[in-house]
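Okay, structure first, notes after.
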Amino acid sequence: MTFYEAVGGEETFTRLVRRFYEGVAEDPLLRPMYPEEDLGPAEERLRLFFIQYWGGPRTYNEQRGHPRLRMRHFPFRIGAVERDLWLKHMRVAVDSLELHEALERQLWEYMVMAAHSMVNVPEEV
Ligand code: HEM
């Protein structure tokens, strides 16, 4: 069984990103970073990316090509502050899923690793 199936498939990732973007929508620092007025398309891209990453359908690649996420984030200034805000909203979203502990830990460890890898400005001193 894939991780995607173990956590409940598409529905779980739909809930995850919906909750995450509810947080982003209210965030005075992160919200203005999103180029489009409508967060819906960004939500859909993140949803499809996670579904693919965790072993579900590969629709993300069909629509967007290879993820190359670090490259796609270069237009945005992501320092420790932005990273930690992203993780704050993701923590709320992950908690809302009420997954079994081992699955939740795996999901969260990935989020922490991925968010740290997206930082593209030097450490603030
Ligand atoms: C796109 C911000 C971390 C996955 C974006 C966009 C912004 C953004 C502003 C453009 C929105 C759009 O698609 O229209 C940030 C910030 C982060 C962060 C501030 C802080 C660390 C991450 C992480 C992941 C991720 C950790 C994955 C684990 C994505 C994906 C897209 C995206 C899949 C759409 C890429 C595409 O197909 O164009 N992000 N992001 N982001 N982000 Fe992030």
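Readers should treat all values here as calculations from the given coordinates under stated rules, not as data from a laboratory. The structure displayed is predicted, hence computed values, not measured ones. All Cβ positions, even for glycine, are placed from backbone atoms using ideal geometry, and neighbour counts span all protein chains on display.
Select, from ARG72, ARG15, ARG47, the only residue that is closer than 23 Å to SER117 by Cβ and surrounded by fewer than 17 Cβ atoms within 10 Å (Cβ to Cβ).
ARG72
Please enumerate the residues belonging to the stretch 111-121 that are part of a helix (DSSP H, G or I) and touching a residue at least 12 places away in the same chain (Cβ under 8 Å).
Within the stretch 111-121, MET111, VAL112, ALA114, ALA115, HIS116, SER117 meet the criteria.
Out of the stretch 89-103, which residues are out of contact with any Leu (no Cβ under 7 Å at 6 or more places or on another chain) and assigned to a helix (DSSP H, G or I)?
Answer for the stretch 89-103, where residues must be out of contact with any Leu (no Cβ under 7 Å at 6 or more places or on another chain) and assigned to a helix (DSSP H, G or I): HIS89, MET90, ARG91, VAL92, ASP95, SER96, GLU101, ALA102, LEU103.
Among the listed residues TYR4, TYR60, TYR21, which satisfies the condition of being surrounded by 14 or more Cβ atoms within 10 Å (Cβ to Cβ), assigned to a helix (DSSP H, G or I), over 13 Å from the mean Cα position of the chain (by Cα) and more than 9 Å from the ligand (Cβ to nearest atom)?
TYR4
Restricting attention to the stretch 75-91, does a residue exist that is surrounded by 12 or more Cβ atoms within 10 Å (Cβ to Cβ), more than 8 Å from the ligand (Cβ to nearest atom) and more than 20 Å from PRO28 (Cα to Cα)?
no
Those residues that are in contact with a Lys or Arg (Cβ under 9 Å, 6 or more places away or on another chain) and of a type in the set (S, T, N, Q), I need them from the stretch 73-106; list them, please.
Correct list: SER96 only.
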